[in-house]
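S.K.: I have a structure I would like to understand better, so I am pasting it below and will then ask my questions one at a time.
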Amino acid sequence: MFEQEIEKRKTFAVIAHPDAGKTTLTEKLLLFGGAIQTAGAVKSNKIKKSTTSDFMEIEKQRGISVATSVMTFEYKNLLINILDTPGHKDFAEDTYRTLTAVDSVILVVDCVKGVEEQTEKLMEVCRMRDTPVIVFVNKMDRDGKDPFDLLDELEKKLNINVQPLSWPIGKGTFFKGVYNIPEKKISLFSPSQQKVTDDYISIQDISSDELDKHVGAMEANQLREDLELINGVYPDLDRNAYLHGQIAPVYFGSAVNNFGVQELLDTFVQLAPNPRPRLTSEREVAPTESKFSGFIFKIHANLDPKHRDRIAFMRVCSGEFKRNKFYYHVRQNKELRFNNPTTFMASQKSIIEDAYPGDVVGLYDSGNFKIGDTMTEGEKFYFKGIPNFSPEIFKEIINLDPMKTKQLQKGLEQLTDEGVAQLFRSYHGSRQIVGTVGELQFEVIQYRLEHEYGAKCRMAPVNYFKACWMTGDEKKIEEFIKYKSNNVFYDKDENKVFMAESNWLLDVAIKDYPDITFHTTSEFKL
Ligand code: G4P
């Protein structure tokens, strides 16, 4: 029974560079999966571009998006959990963290723009854990890049082998549909936001006239040529290679037109992995183990100062999680229990009695958790693979009210526990640097410090380019610190970090200190 629950579950995220169609595709997957009846339910949670300067609005929308943090639906006797990721690039770190909690991803690429900056970054994170990836090339109704060029670009820029499982017939205004390669059938394109099935026509022999009848002679010939090339290059899909993150199947479609979504969903449920074993500081933990374990990958604060509680999102990794049962918080070495663990779907919140590996549970938290915390039934270990990534923008905190030093410190500690930003303390002295991936975060922090903690501060720009965690020969590290003490900081876990002012200076350090390794994530041995 318990094992059946695990086999039923598939937990994944849809990721994309902003505007490629992540929100649209997520919504359409829910629509095809029967979880929602009308389009628009997810869209309203999207952080709109026009509000980039209005962080309160964004925070509000982020608050709403708690509701869609996890979208669960049943499809073909499976239980699908889609973990939502924020589209706004200033919250990219939230997305990276969410990726630690999924077992696979669907990557959306805009056929006009190809692989964009954020696509590359997200893939890098996926590659750290060999997360299986399915690529959905979206917006085929637009005149995009040549599909072969796109495949080439995907392989080169994302550093992964790709294999098309569907192939477009024409593109842009002449987009006729797609040919499903393994199943030898075509699906004809008709722009529609209503229909929730794809209509297939089986074409067992692509040399037959049947194909010409449906798509026109020119397109049919082009497809034959393309397929000849494809069949020469790609053997049948090796599912094992997909499961190990070595090969990414590619589909073509148009999310806004409900086209190719059914095909994607059906392949996803066949190919995508069930909850996978996870590495901890001590050993690998299999989902089938009877004892419960899980970790916190996201913390969402309540912006309303009257309700200071936060919601910590926990991914269940093994065993069965039960409401009101005491569990062991490893870092704090204490037992905690939860009266109202919650699941989220659209605007509905509901209290759950139990949860299984692959599930995500929302836990009301008054400050016990920080990102990466492990909960178990008593065993001491930490889940690995939930690193901090080097921030991209750094600012120094200047306290503006010495009477409120304690409040400022508490606020900084708690806000950085939520993963809003990272805090670094200078090796010598008491300088504090906050690092984030977006400007917006600084506004959020400053606002929250003032309104929630009554502390006022100024954020002074500092000229750092990257935070690099250092490992290697201790003596050499000491020597390096002597020489570069102004650039050495501690992170919150007392790890030593080199703040490099430029790529060039980082390269110099790497060359001059070959016995030290400089890492751009806080966790090095995944
Ligand atoms: P994101 O979450 O990745 O940021 O992207 P989102 O789904 O919001 O899509 C970005 C824009 O691309 C939206 O247009 C959306 O309608 C459009 N889009 C999504 N899929 C397709 C597709 O298959 N073909 C075409 N042509 N467009 C597509 P928008 O104008 O920004 O928003 P809206 O006014 O349409 O809501």
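S.K.: So the label point goes 7 Å from the Cα of D236 along Cα→C-beta, right? Which residues of region 175-192 then have their backbone N under 19 Å from it?
M.R.: Residues passing the 19 Å test: 180-185.
S.K.: So what is the calculated 222 nm ellipticity per residue for the chain, using -39500 (n - 2.57) for each DSSP H run with n of 4 or more, over all residues, to the nearest 500 deg cm²/dmol? List each step's numbers first, then the result.
M.R.: Values: 14 runs with 149 residues, N = 526.
Rounded to the nearest 500, it is -8500 deg cm²/dmol.
S.K.: What does the net charge come to around K157 if you take all other residues with beta carbon closer than 15 Å to its beta carbon, with K and R at +1 and D and E at -1? Provide the component values of the computation, followed by the final result.
M.R.: Values: positive: K113, K121, R127, K145, K156; negative: D110, E116, E117, E120, E124, D149, D152, E153, E155.
Charge balance near K157 sits at -4.
S.K.: Please give the helix 55-64 orientation as an angle from the longest Cα principal axis of the chain, in degrees from 0 to 90, rounded to the nearest 10.
M.R.: 60 degrees
S.K.: If you add up the charges near E219, with Lys and Arg at +1 and Asp and Glu at -1, over every other residue whose beta carbon is less than 9 angstrom from its beta carbon, what do you get?
M.R.: Values: positive: K176; negative: D212.
Once positives and negatives cancel, what remains is 0.
S.K.: Can you work out the FRET efficiency for the pair E439 and S208, with r the C-beta to C-beta distance and R0 = 60 Å, to the nearest 0.05? Write out the running numbers ahead of the final one.
M.R.: On the way: r = 58 Å, r/R0 = 0.97.
Result of the calculation: an efficiency of 0.55.
S.K.: Tell me the per residue accessible area of the chain using a 1.4 Å probe; a whole number in Å² is fine. Please report the intermediate quantities before stating the final value.
M.R.: Details: 22700 Å² over 526 residues.
Result: 43 Å² per residue.
S.K.: Which of S254, Q270, A286 sits closest to the plus end of the dipole of region 223-288, meaning its Cα is farthest towards the positive end, when Lys and Arg get +1 and Asp and Glu get -1 on the C-beta?
M.R.: It is A286.
S.K.: Continuing with the same structure: Measure nothing fancy, just the Cα-based angle from helix 147-158's long axis to the longest principal axis of the chain, in degrees from 0 to 90, nearest 10.
M.R.: Rounded to the nearest ten degrees, it is 20.
S.K.: In the structure displayed, which of K291/K380; K370/K456; K28/K76; K22/K89; K475/K496 lie more than 19 Å apart, Cα to Cα?
M.R.: Result: K370/K456 exceed 19 Å.
S.K.: With charges only on Cβ, +1 for K and R and -1 for D and E, what is the dipole size of the chain about its Cα centre, in debye, rounded to 20? The partial results should precede the final answer.
M.R.: Details: 68 positive and 78 negative charges, 374 e Å.
In total the dipole reaches around 1800 debye.
S.K.: Turning to a different aspect of this structure: In region 278-376, carbon and sulfur make up what percent of the accessible area (probe 1.4 Å)? The partial results should precede the final answer.
M.R.: Details: 1850 of 4160 Å².
Summing carbon and sulfur atoms, their accessible area is 45 percent of the total for region 278-376.
S.K.: Quick check on the chain: of the DSSP beta bridges with both residues there, what percent are antiparallel, nearest 5%? Let's see the in-between values first.
M.R.: Values: 78 of 101 bridges.
In the chain, approximately 75 percent of DSSP beta bridges are antiparallel ones.
S.K.: Let me ask you something else. For the chain, take N as its residue count and report Rg(C-alpha) divided by 2.2 N^0.38 Å. Please report the intermediate quantities before stating the final value.
M.R.: Numbers: Rg = 24.4 Å, N = 526, 2.2 N^0.38 = 23.8 Å.
Relative to the rule-of-thumb radius for its length, the chain sits at 1.03.
S.K.: Quick check on packing: order 150-158, 322-330 by the mean number of other C-beta atoms within 10 Å, highest mean leading. Don't skip to the end; give the middle numbers.
M.R.: On the way: 150-158: 17.7, 322-330: 15.9.
Ranking, from highest mean packing down: 150-158, 322-330.
S.K.: Separate question: When only Cα pairs under 8 Å and 6 or more residues apart are kept, what is the percent relative contact order across the chain?
M.R.: Values: 1099 pairs, mean separation 71.7, N = 526.
Computed over the chain, the figure is 14 percent.
S.K.: At 1.4 Å probe size, put E479, E27 in order of accessible surface, largest to smallest. Let's see the in-between values first.
M.R.: Values: E479 90, E27 10 Å².
So the residues, ranked largest to smallest area, are E479, E27.
The values are calculated or read from the model by the stated rules, or taken from the named source; none is laboratory data. Model, not experiment: these values are computed from the prediction. Note that each Cβ is placed from the backbone with ideal geometry, even for glycine, and that neighbours are counted across all protein chains shown. Ligands, DNA and RNA are excluded from the accessible area calculation, which covers all protein heavy atoms including side chains. Shrake-Rupley method; radii C 1.70, N 1.55, O 1.52, S 1.80 Å.
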